[in-house]
1. Could you tell me which residue of the stretch 142-163 is farthest from Gln119 (Cα to Cα), considering only residues that are loosely packed, with under 15 Cβ neighbours inside 10 Å and in contact (Cβ under 8 Å) with a residue 24 or more places away in the chain?
2. Restricting the search to the stretch 124-159, which residues are farther than 23 Å from Gly96 by Cα, in a strand (DSSP E or B) and of a type in the set (A, V, I, L, M)?
3. How many residues does the stretch 9-30 hold that are of a type in the set (S, T, N, Q) and in a strand (DSSP E or B)?
4. Could you grab me the full set of residues in the stretch 108-135 that are surrounded by fewer than 16 Cβ atoms within 10 Å (Cβ to Cβ), under 22 Å from Ser2 (Cα atoms) and at pLDDT below 95?
5. Which pairs turn up if I take residues in the stretch 101-124 that are more than 25 Å from Val58 (Cα to Cα) and look for partners that are aromatic (Phe, Trp, Tyr) and surrounded by 14 or more Cβ atoms within 10 Å (Cβ to Cβ) with beta carbon separation below 8 Å, at least 6 apart in sequence or on another chain?
6. Hey, any hits in the stretch 111-120 for a residue that's hydroxyl-bearing (Ser, Thr, Tyr) and more than 19 Å from Lys74 (Cβ to Cβ)?
7. Val105: closer than 20 Å to Gly153 by Cα and crowded, with 16+ Cβ neighbours inside 10 Å, yes or no?
8. Looking at the stretch 31-87, which of the residues that are assigned to a loop (DSSP other than H, G, I, E, B) and β-branched (Val, Ile, Thr) is modelled with the lowest pLDDT?
Amino acid sequence: MSEVRIAAEPRTEFGKGAARRVRRAGQVPAVLYGHGTEPRHLNLPGHELMLALKTPNVLIRVDGVGKDNLALPKSVQRDAIKGFVEHVDLLVVAKGEKVEVEIPVTVTGEVQTPGVLNQELVAVAVEAEATHIPEGVEIDVEGLESGEHRTAGDLKLPAGTTLVTDPETTVATVYTPQTEDEAAEEEAGEATTSGQAEAADEGAEGGKAEAAE
């Protein structure tokens with residue numbers, strides 16, 4: 001499990017104006033909380049934080065706020081357009097403590113031709129020790145045929161990690177794509193059905209008009 005040490009500064013100014021000044025200075029407002037302590041408001045170096053957050057569920061050892069604090073990012077707010085980090089909530093964790101997190105799912109293997117793979121779930125929720133969170137989990141689809149699928153219950157998680165996501169949730173399915181002729185037939189059928197419905201509606205409207213006369 002990756003661990004990054006980042007030096008923090010106590011945050012003494014609050015409000016939107018103060019937050020903008022912090023960001024202009026290359027820092028990110030943050031809140032550190034957990035283990036029954038009062039939330040602590042911090043400023044973190046923006047570039048170092050951005051690099052750390054590239055690793056899912058990275059552990060951050062926060063310096064400069066009393067004793068060292070090992071923390072897990074729980075909420076990251078980013079600018080909707082530019083994507084830079086605007087604010088982060090950090091949860092204090094301890095060795096041996098269980099936490100619930102999401103880890104990415106990677107598909108391995110090749111499905112049977114002419115089947116096409118559709119990955120429906122890219123991450124699953126698990127419970128794991130804070131200092132032993134898996135970076136991800138793989139699911140093998142080797143040899144799957146059209147109509148077959150894999151669920152979250154098929155995932156092989158490391159020892160000490162338990163699945164929180166419903167095990168019946170579909171992770172990946174295999175389907176056979178339509179041929180051009182099949183697609184054309186389906187479109188023609190839909191057009192016929194639509195035309196019949198329109199004709200029926202027109203007939204009903206005409207009947208109403210005659211009854212009214």
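1. Applying the first criterion (loosely packed, with under 15 Cβ neighbours inside 10 Å) to the stretch 142-163 yields 142-143, 145, 147, 153-154, 156, 158-160, 162.
Keeping just the survivors that are in contact (Cβ under 8 Å) with a residue 24 or more places away in the chain gives 142-143, 145, 147, 158, 160, 162.
Values: Glu142: 14, Gly143: 15, Glu145: 14, Gly147: 13, Pro158: 21, Gly160: 26, Thr162: 21 Å.
For the stretch 142-163, the residue satisfying everything is Gly160.
2. Within the stretch 124-159, Ile139 is the sole residue that qualifies.
3. Step one: list which residues in the stretch 9-30 are of a type in the set (S, T, N, Q), which gives 12, 27.
If we keep only those that are in a strand (DSSP E or B) too, we end up with 27.
Final tally of qualifying residues: 1.
4. Scanning the stretch 108-135 gives His132, Glu135.
5. Going by the 8 Å Cβ cut-off, the qualifying pairs are Gly115/Tyr175; Val116/Tyr175; Asn118/Tyr175.
6. Going through the stretch 111-120, the residues hydroxyl-bearing (Ser, Thr, Tyr) turn out to be 113.
With more than 19 Å from Lys74 (Cβ to Cβ) added as a condition, the list becomes 113.
Yes, some residue in the stretch 111-120 is hydroxyl-bearing (Ser, Thr, Tyr) and more than 19 Å from Lys74 (Cβ to Cβ).
7. Details: closer than 20 Å to Gly153 by Cα: yes; crowded, with 16+ Cβ neighbours inside 10 Å: yes.
Here the answer is yes, as Val105 does meet what is asked.
8. Taking the stretch 31-87 as the starting set, the residues that turn out to be assigned to a loop (DSSP other than H, G, I, E, B) are 35-36, 53-58, 64-68, 79-84.
In the following step, the residues that additionally are β-branched (Val, Ile, Thr) were identified as 55, 58, 65, 81.
Details: Thr55: 91, Val58: 94, Val65: 79, Ile81: 88.
Per the stated criteria, the residue is Val65.
The values are calculated or read from the model by the stated rules, or taken from the named source; none is laboratory data. Values in this document were obtained by computation on a predicted structure and should not be read as measured data. Note: ideal-geometry Cβ built from the backbone for every residue, glycine included; neighbour counts use all protein chains shown.
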